[in-house]
Every structure is written in C-alpha cells, then in structure tokens.
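Beneath this line is the structure, given in structure tokens, with notes to follow.
The values are calculated or read from the model by the stated rules, or taken from the named source; none is laboratory data. Since this is a predicted model, take the numbers as computed values, not measurements. Positions of Cβ are generated from backbone atoms using ideal geometry, with glycine treated the same way; all protein chains shown enter the neighbour counts. When the accessible area is computed, the model is the full protein with side chains, heavy atoms only, and any ligands, DNA or RNA have been set aside. Shrake-Rupley method; radii C 1.70, N 1.55, O 1.52, S 1.80 Å.
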Protein chains: 2
Amino acid sequence: MYPLLTGLRIVECASFIAAPSCSLYLQQLGAEVIRVDPIGGGADFKRWPLSKGGDSYYWEGLNKGKKSVAIDLARPEGRQLLTQLITAPGKDGGILVTNLPKEGFLSHERLSKHREDLITVRVMGWGDGDSGFDYTVNAALGVPFVTGSDANGDAPVNHVLPAWDLLSGAYAAFATLAAERNRLRTGRGGEVTVPLSDIAFSALANMGQIAEVMDTGDRPRYGNALYGAFGRDFRTSDGERVMVAAITPKQWSGLVKSLDLVPTIQQIEKDLGVSFARDEGTRFTHRDTLFPIVERAIGALTMDRVRTVFDENAVCWGPYFTLKRAIAEYPRLKPGAPLFDEIDHPSGHRYPAAGAAATFVGMDRERVQRAPHLGEHTDEVLASVLSLSSARIGELHASGLVASAPSN
Amino acid sequence: MYPLLTGLRIVECASFIAAPSCSLYLQQLGAEVIRVDPIGGGADFKRWPLSKGGDSYYWEGLNKGKKSVAIDLARPEGRQLLTQLITAPGKDGGILVTNLPKEGFLSHERLSKHREDLITVRVMGWGDGDSGFDYTVNAALGVPFVTGSDANGDAPVNHVLPAWDLLSGAYAAFATLAAERNRLRTGRGGEVTVPLSDIAFSALANMGQIAEVMDTGDRPRYGNALYGAFGRDFRTSDGERVMVAAITPKQWSGLVKSLDLVPTIQQIEKDLGVSFARDEGTRFTHRDTLFPIVERAIGALTMDRVRTVFDENAVCWGPYFTLKRAIAEYPRLKPGAPLFDEIDHPSGHRYPAAGAAATFVGMDRERVQRAPHLGEHTDEVLASVLSLSSARIGELHASGLVASAPSN
C-alpha cells in the first residue's frame, strides 16, 4: 500500500471482480475502503477457488485491506444505515463503488438526496441496462471466434481470464479519481457508469478492429500467430516452449541473427521481393514461409541455448510456464519480492499477497493488508463514520440489523 | 470527450497499446495529450490492421484526440526539445507517459532536473527491467495452458486479445491521477512504473489463483466451462450459440425454470445428495451431469425461443456473435449511439470511433475527435507550450529537427 490517497473514503457495495477490484486498487494507493455486505456474505463470498476449509481465496484476494461491515440489507432500516454510510459528510467521503442496478435502492438519484455531491461509480453489464457479465460480453464481441486454432472449426473458445472484468475495474478506479478531481474543483459529484459492454467495444475499436471489420469483414482464426507481424510459440530441442515475436525492425534483425538465419532470410527476401526488416506486415503475410524455418532453428537448440542467443541479440521472447512454475522460477513472484508480501489470510492460510501493481519509485511500499473477516469492522465503522454510540450499536446488533465478525 | 480533466497536460512518448491507451483515456476525460513521435512515425505507426491505403487503423484508434508533434529524436537537440516540452512549466503540466526504458534519455532522474515535480508514468515489460510484452507475459503466467479444451494437449493457446496491455493502460491512467492528486497536495512529483508483469501477476493473485496453485497445483484445462459455478457455450436448434451461466442462486433457479428442468434437477439433487441452488461449486463439480441435460434442453429450442424464456426468467446469458454481426445487431455499437461517433479519420475512411468507456450521467459527451496526422500540431505546440517564435520554429524546420503534417 502506498499512502497517496490517504483520507479518501470509498464505500463499496458490490460483488465479483470488476467493482471490488476498482476499490481494491483505490485501497492499494491509500484510500479507506468500507465494503458493505449482507450478513452472511454477498453473492461472491464462496466464489471459487476455495481453500480446503471452504473459504474463498477469490474473496480474500479481491478484498484485501478493506474494512468489512455486515448489514441486513433486506430490511429498510438496513438500507437506511447503508445510505447513511455512503452519504456521510467529509470532503473526502461520499464516494460509492457498486455493481448494483441503476434503478434499485442504490440509485444515484435517491442517494444524492442525502448528499448532493455524492460520486456514484457503477459498473454495469450493458450500457443500456441489459444484464451481462464478462463471458457474455466477450461472446457478444466475437473474441471466442478468433481465439485458438482452425481446428476449433466454428466453435467458440472462451477466455479463462476475465479480461473485461479486470479492465472495467481498473478503468472504474481511473474514472473515480477523475470524478473526484472534478468534484474538488467544482463541488459537483455525479454518477459515472462503467459498462463492461462499453469497456470491451471501445477497447476493440481503439485497436482498429471496428474499422478492420467494416473494411474487410471478420478476422479469421490465426491460431497462436501474432497478428500483423512475426510471432508464435515454438518448441526447443528439450521440449520447452517459447513465445517469440518481432514487431520492430530491431527485434526482427535480432531474431534472424540469433538463429544464424541471415543468409536464409536474405535469399527469401530476394525470391519474394520483400523486405522483412522494413515491413512488419510482410512477416505476417509470409508466415507460412517463415514459421517452419524458425521452428527448425529453435527446435535444434536447447532452452538454455535459446535463452543465451536470444538475450544476446535482444530478441523479444519469453518462455511458456504454468503458473506454478512461474511462481517457482520468477524472483519477482517470491515472498519478499517487492510486489508481494507473505501474510496470513482470513482462510487461515499463509501465502504471498499482491500489493499495488504500480511502483511509486522512492516511496515506501507499506505491507499488504489481509482481507477482513466478514463484518470485522462493523462496530468500528459505525462509530467512526456515523458517530454511533456503543449503546446504539448494541441495539443494532440486538435487532439483528448488523453483525460482527465472530457472529458470522 | 468529457471536460473533466480540462487543463491537465500530458506528454506521451510511447508506442503500441498500453502507454498510448493510458493517455487516450486521459484525453477522453478532458486532458490535453501531446504525443511526440520521431519524424516519420514510431514503431507502431504502421501496426496492423491497416487500411487499403496502408494507414494504420490501430494507430488512428489509439491516438484519437491527441496532438501530434514530430521531432528528430536521434539528435541531441531533438531530445532537448522533447525534454523542454515534458518539463515545461504550468501547475497542470509536467506529466510524461512513456514506455521507453527507465535508464534511457527519458530517465526520470534526468528529466526531473528540469522540473522537480515532474510525474513520469512508465509502462514496462517486467518490473525488474527485463523486456516483455503482452504475449510473453501471458505465456510466462500459464494462461495459454488453461485456455481452450483438452484437445490442445500440452500446447498453449495464445490470447488474441492483448488483455494485459489494455489492463496496464487503464491502470496507468489511474496511477497517473493518483500521482497528480498527491502532487496537488504535497507539491511532490515522482516516477510511477507500471510493469505488465506486475499488472498480470497481481491480477491473478487478486482472484485467488496464486493461493489455489500453492494449494492444489496448476489448474487443468476446463475448455469453455466457467470455473467454480455453472457456465458454458450451448447450441440452439437453429445453430446459434449462446453463453449461459449461473453463479448466483437466482441465476440458477431462473435457468432451471426457463428450460422446464425443475423436476429433472430435483431428482439429480436427490440422487447426488447436493443442492445446486445453495452451493454454486456443486454445479461445477457435477458439470458432466448437468451439461448434457442443459445441452439437450437448449438444443430443442430456437434462438428466438431461448431469448424469450431466458429473458423471462432473468437467466444470465448472451449470444455468441462475430464482431461484424455485433456491430450490425447491437444498437449500442451503431453510429449515433452514445459511445460512438461516426467521424472522418486520417486514413481518409469514415467509421464509428469510440469515446470514453465511462458515461458521466448528465454531462454532455463532446464529439469524439479524430487522431492527428503525424506532426499536425508541431508548430502549434512549440508556440503554445514553449512560446517559440515563428522564426525559431522556422529554423527548427529548416534544420530538419521537427516536421509538420504535410511534410510527412
């Protein structure tokens, strides 16, 4: 954690990946994040992967460093209490991050009656209000029809990585700070919606894919080949796999030199009347010529040798590892490395937890904080944010409107 | 474009997706972005997809609304001019977004001698300085070994979507505003690094995958099945494909009801001694039992019928479309829809261009601005930011140190 956003107070009322990662990012740069869940946990409280004891590694990963408040949100008094938390005074408060429906009890219109300058950041499925989540948005966009090899025929290949959720989360964190910066200057809050559909469509559009489709139709499947330049997976003589690419002229000449292919490539260029070095697109157009040559060259070398000659020639490449092997082999992933702290989690397990993905050079990274137990900060937050007395908090417990960690 | 960050001035010296999308996002919320390229264009100037005329749809997508300055960066005087642009005075200036090496001529240490409160946001490959890009980082993490079906054996399946580039860009935009907020309060700038490696590893860690791997080893391939709950692609009787999921109890009961499977599922629950409604994980554990049943039920219905019964029962689902079909069928993607404006681009083509992915409710979205021609704003920026006279700008042109659009 970096203490950059110290003082900023976010109330999160959300589940799954996008909205919770938005406020996780804010927490990791110093904001106070109060996550409010129904008593017993929200829809993501038991989301896989689970520990053997049945605790969600997913939940405890996405909610690190947050404060947890548990309220009975099915009752009007519970919703009122949540409204009070969201709209509590304080220049740096009044920010809600949610994925609940626009028209529901967390509607911005309703909430902002209690705090005019409230900022509501709402992650949605479709921008027009239709429901959608990462996998349906990805399906709607055609990504599964261009992923994988021709052997898949016309069958889709889903992503395992929820890329649109993750992107929506980061973009929502950005939008939160933009809205807050504007509020500091103008005094005005407002609602910001971040629909997965718009995140995804605009990302493809920004990379030129809408123009491409309107021009030449849908992109076919190119398997593992990098589109528009040279790139693919290859095998070494000892059975390892490497991803190799050459987008810039320098990367291409480095690759050709590293594999002793200079005369071979020169001959092909002469035969075809092209310059692979000058025009990256020709490396893609003629991939069926180039791939087998590089395949043979890399296939004749051990991984150690590949590493040596590629690194000597500044080739753009990397090994394929499984995640387990990556954790074992990359110094940057080890406990004690800057990005990770090995800490005890609510599941009772001890393992490395990631801090902020960015590094603020020269600032001390504070230790990564574990996720809360559900309701761990109920009493503390009711006292600090709403100034409720112990007696009043006791009444709320007695009526079953709130819960604390041990009672969950 | 929303005028939220009006006044903020960013100098971008970068190429490809991550860093340019960071400043694109900032531009779309109102910042002035000055992109500086070498004369003739940077490494991404001809990146595919290309128009038939050879212009890059990719470049003109990722650089919309930016100002373009072309400088001969190979000469010391050119680098000096760039340094002056980056470090020009102004409370809301002094922000550099780059993907150039930490130790090169855009080192923060060197630049900050000219402006102490400079903020440098640097997208990197690996956090320890090793080179890396989206596809090698993805390979290093094991994602290609869990993507796709068992039929791939031990072969990797690359992503076509550069998810880590996109995520790094959005996160970098967030980190930029966090650093700038801190500078407003403390007067201190600094360097922020955003390594793709750290973005990717922390994202997997945040979703619980490092804990999972340390606990139970690498995740196998589950094909198109959604991990840890119910979800997969299915075919309708008329050959359409749908992605269907049920993570929450409500989504599950809606699905079962919509397909008239209530008694069937009850019998299975009785036989297996589980409650699919109560425990989402059982829907995954018993997917080999559930998938064929749902497959038959959906396979007996036309797409129209599926749409009707699914929407009636609030099922979490969506069709698989190709991108071309998505553009044709989704109102939200059409020219005139809120997210897109149909505009003329530097390639000479007219097509819908995406604006900000977020919607600031009640604020006017200003029209999407096209990308610049390379060097289109050279003279304007040198005059406005550095107060150079026409005579001086003329000299710079004469010496070949800068170039304007028509001369490219």
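Hey, among B:Pro372, B:Pro331, B:Pro338, which residue is open to solvent by less than 60 Å² (accessible area, probe 1.4 Å) and within 27 Å of B:Pro49 (Cβ to Cβ)? Spell out how you get there, then give the answer.
On the way: B:Pro331 fails: open to solvent by less than 60 Å² (accessible area, probe 1.4 Å); B:Pro338 fails: open to solvent by less than 60 Å² (accessible area, probe 1.4 Å).
When all the criteria are applied, what remains is B:Pro372.
When you look at A:Asp154, is it over 30 Å from B:Arg183 (Cβ atoms) and in contact with a Leu (Cβ under 9 Å, 6 or more places away or on another chain), yes or no?
no
Looking at B:Ala383, B:Ala391 in this structure, which one is without any contact (Cβ under 8 Å) to a residue 12 or more places away in the chain, open to solvent by 60 Å² or more (accessible area, probe 1.4 Å), closer than 26 Å to B:Gly90 by Cα and more than 12 Å from every other protein chain (Cβ to nearest Cβ)? Reasoning before the result, please.
Details: B:Ala383 fails: open to solvent by 60 Å² or more (accessible area, probe 1.4 Å).
Just a single option satisfies the conditions, and that option is B:Ala391.
I need the helices (runs of 4 or more DSSP H) fully contained in the stretch B:1-100, keeping only those with at least 2 residues that are touching a Pro at 6+ places or on another chain (Cβ under 8 Å) and either within 14 Å of chain A (Cβ to nearest Cβ) or open to solvent by less than 20 Å² (accessible area, probe 1.4 Å) (or both).
Numbers: elements: B:18-28, B:57-62, B:76-86.
The helices (runs of 4 or more DSSP H) meeting that bar are B:57-62.
Looking only at residues in the stretch A:264-314 that are touching a residue at least 12 places away in the same chain (Cβ under 8 Å) and among the small types (Gly, Ala, Ser), which one is nearest to A:Arg241 (Cα to Cα)?
Here the residue is A:Gly299.
Applying the selection to the stretch B:205-224, what residues are in contact with a strand residue (DSSP E or B) (Cβ under 9 Å, 6 or more places away or on another chain), of a type outside the set (S, T, N, Q) and either without any contact (Cβ under 8 Å) to a residue 40 or more places away in the chain or buried (at least 24 other Cβ atoms within 10 Å of the Cβ) (or both)?
B:Ala205, B:Gly208, B:Ile210, B:Ala211, B:Glu212, B:Met214, B:Asp215
List pairs: first residue in the stretch B:319-331 and at the interface with chain A (Cβ under 7 Å from one of its Cβ atoms) and touching a residue at least 60 places away in the same chain (Cβ under 8 Å), second residue of a type in the set (Phe, Trp, Tyr) and in a helix (DSSP H, G or I) anywhere in the structure, Cβ distance under 9 angstrom, at least six positions apart or on different chains.
Short answer, once both residue conditions are applied: B:Tyr320/A:Phe145.
Would you say A:Leu261 is surrounded by 15 or more Cβ atoms within 10 Å (Cβ to Cβ) and either farther than 14 Å from A:Ala229 by Cα or touching a residue at least 40 places away in the same chain (Cβ under 8 Å) (or both)?
Yes; evaluated as a whole, the condition is true for this residue.
Looking at the stretch B:103-125 only, could you name the residues that are of a type in the set (Gly, Ala, Ser) and loosely packed, with under 15 Cβ neighbours inside 10 Å? Break it down into steps so the answer makes sense when it comes.
Our first condition is that a residue be of a type in the set (Gly, Ala, Ser); within the stretch B:103-125, this holds for B:104, B:107, B:112, B:125.
Of everything in the stretch B:103-125, just one residue is of a type in the set (Gly, Ala, Ser) and loosely packed, with under 15 Cβ neighbours inside 10 Å, namely B:Gly104.
Residues checked against (1) at pLDDT 95 or above; (2) farther than 18 Å from B:Cys13 by Cα; (3) open to solvent by 30 Å² or more (accessible area, probe 1.4 Å); (4) facing another protein chain (nearest Cβ under 7 Å):
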residue: B:Ala139; (1), (2), (3), (4): yes, yes, no, yes
residue: B:Asn152; (1), (2), (3), (4): yes, yes, yes, no
residue: B:Asn158; (1), (2), (3), (4): yes, yes, no, yes
residue: B:Asp165; (1), (2), (3), (4): yes, no, no, no
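Within the bounds of the stretch B:192-207, is there any residue that is within 8 Å of chain A (Cβ to nearest Cβ), in a helix (DSSP H, G or I) and farther than 19 Å from B:Gly132 by Cβ?
Step one: filter the stretch B:192-207 for residues within 8 Å of chain A (Cβ to nearest Cβ), giving B:192-195, B:197-199, B:201-207.
Retained after the next criterion (residues that are in a helix (DSSP H, G or I)): B:197-199, B:201-206.
Narrowing the set further to residues that are farther than 19 Å from B:Gly132 by Cβ leaves B:206.
Yes, the stretch B:192-207 contains a residue that is within 8 Å of chain A (Cβ to nearest Cβ), in a helix (DSSP H, G or I) and farther than 19 Å from B:Gly132 by Cβ.
Please go through the stretch B:137-163 and give me each residue that is assigned to a loop (DSSP other than H, G, I, E, B) and of a type in the set (Val, Ile, Thr), ordered by number. Full working, then the answer.
From the stretch B:137-163, those assigned to a loop (DSSP other than H, G, I, E, B) are B:142, B:147-149, B:153-162; that's our starting set.
Scanning the stretch B:137-163 gives B:Thr147, B:Val157, B:Val160.
Filter the stretch A:320-372 down to the residues that are in a loop (DSSP other than H, G, I, E, B) and acidic (Asp, Glu), then identify the one that is nearest to B:Pro220 (Cα to Cα). Even if it seems obvious, please write down each step before you answer.
Going through the stretch A:320-372, the residues in a loop (DSSP other than H, G, I, E, B) turn out to be A:320-322, A:330, A:334-339, A:345-349, A:355-358, A:361-372.
Pick out the ones that are also acidic (Asp, Glu) and you get A:364, A:366.
On the way: A:Asp364: 38, A:Glu366: 35 Å.
Residue satisfying both the conditions and the ranking: A:Glu366.
Write out, first by first residue and then by second, each pair whose Cβ atoms fall under 6 Å of each other, whose residues are 6+ apart or on separate chains, and whose first residue, in the stretch B:168-187, is more than 7 Å from chain A (Cβ to nearest Cβ) while the second is of a type in the set (S, T, N, Q) and open to solvent by less than 10 Å² (accessible area, probe 1.4 Å).
B:Gly169/B:Ser21
Would you call B:Gly208 of a type outside the set (Lys, Arg), within 23 Å of A:Lys64 (Cβ to Cβ), touching a Gly at 6+ places or on another chain (Cβ under 7 Å) and modelled with pLDDT of 95 or more?
On the way: of a type outside the set (Lys, Arg): yes; within 23 Å of A:Lys64 (Cβ to Cβ): yes; touching a Gly at 6+ places or on another chain (Cβ under 7 Å): yes; modelled with pLDDT of 95 or more: yes.
Criteria met by B:Gly208.
What is the residue count in the stretch A:64-99 for residues that are within 14 Å of A:Ile34 (Cβ to Cβ) and of a type in the set (Asp, Glu)?
Selection size over the stretch A:64-99: 1.
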